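Here the structure comes first, spelled out in structure tokens, and everything after it is commentary.
The values are calculated or read from the model by the stated rules, or taken from the named source; none is laboratory data. Since this is a predicted model, take the numbers as computed values, not measurements. Backbone-built Cβ (ideal geometry, glycine too); neighbour counts: all protein chains shown.
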Amino acid sequence: MGFNIAIDGPAGAGKSTIAKQVALKKGCVYVDTGAMYRGLAVHFLKNGIRPEETDKIVHACADADVSIGYEDGNQQVYLNGENITGMLRDEAVGDMASKSSQLPEVREKLLELQRSLAREKDVVMDGRDIGTNILPNADVKVFLTASVETRAKRRYDELVQKGIVCDIKQIADDIKERDHRDMTRETAPLKQAEDAVLIDSSEMSIEEVTEAILKLCR
Ligand code: DC
């Protein structure tokens, strides 16, 4: 078993930014499990399936092979051998990932991939159920959160920087809807593990959050 750091939390809490920093400082591999759910979502969309067609989603799991690799230290996602990393951030992919990840069959499909990575390597793994379900014996567990307003503002700034016109109220509403879905699903819902340390990053800088997690590792 490698040295395992689990970082869970809601969408937009800054998990990936922080996890990458911690991985860099600790010499660990960063594993983004949301990207794996997004990889499966690309498969469902490529098959013309809509998020509400749950039977078709379950059926389509059989011929999806999701794997990951690294290029210049950046995680790449492969679907049946094709590098689909560039497709993962599409809005439709995020929506499909959020809805399809509620299905136990979809979660089961990625469970062993996530656990085997943590067995083989020292990892910082981020997601929704890493500390509670995937790596219950992780060495360090963090539940990273931030207020809806902070998360919406961060997302808004990110989109504006990319030249995308957007409405901050709409972004906040989408975040609330996604939180609700992630926290109320029956299989492996988003929740803080009993032994996880809660960090609210609303009023903290990236450096402060990174340092707080590094301290937990010492
Ligand atoms: O972190 P993200 O937004 O890239 O994740 C995409 C979706 O995948 C998210 O809506 C919830 C789901 N997910 C999950 O259910 N469990 C994980 N460990 C990671 C992501």
query = Can you tell me which residue in region 26-46 is farthest from Q75 (Cα to Cα), limited to those that are in contact with a Ser or Thr (Cβ under 7 Å, 6 or more places away or on another chain) and part of a helix (DSSP H, G or I)?
reply = F44
inquiry  = Tell me yes or no: at least one residue of region 127-139 is touching a Cys at 6+ places or on another chain (Cβ under 7 Å) and in contact (Cβ under 8 Å) with a residue 12 or more places away in the chain.
reply    = no
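Among K169, K215, K162, which is over 18 Å from the mean Cα position of the chain (by Cα), among the charged types (D, E, K, R) and at pLDDT below 95?
Exactly one residue qualifies, and that residue is K162.
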ask   = Within the bounds of region 101-120, is there any residue that is surrounded by fewer than 17 Cβ atoms within 10 Å (Cβ to Cβ) and touching a Gly at 6+ places or on another chain (Cβ under 8 Å)?
value = yes
ask   = Across region 198-218, what is the total count of residues that are of a type in the set (D, E, K, R) and part of a loop (DSSP other than H, G, I, E, B)?
value = 2
query = Looking at region 174-204, which of the residues that are among the basic types (K, R), touching a residue at least 40 places away in the same chain (Cβ under 8 Å) and over 11 Å from G131 (Cα atoms) is nearest to the ligand (Cβ to nearest atom)?
reply = R178
query = Any idea how many residues of region 175-218 are of a type in the set (D, E, K, R) and within 27 Å of L111 (Cβ to Cβ)?
reply = 10
ask   = Any residue at all in region 96-116 that is farther than 27 Å from K56 by Cα, in contact (Cβ under 8 Å) with a residue 60 or more places away in the chain and away from the ligand (no atom under 12 Å from the Cβ)?
value = no
remark   = Picked from region 3-27 (must be at negative phi and small (G, A, S)), the residue farthest from the ligand (Cβ to nearest atom) is A23
message = Which residue is farthest from the ligand (Cβ to nearest atom), if the candidates are limited to region 28-87 and must be crowded, with 20+ Cβ neighbours inside 10 Å, under 16 Å from D126 (Cα atoms) and of a type in the set (G, A, S)?
response = G39
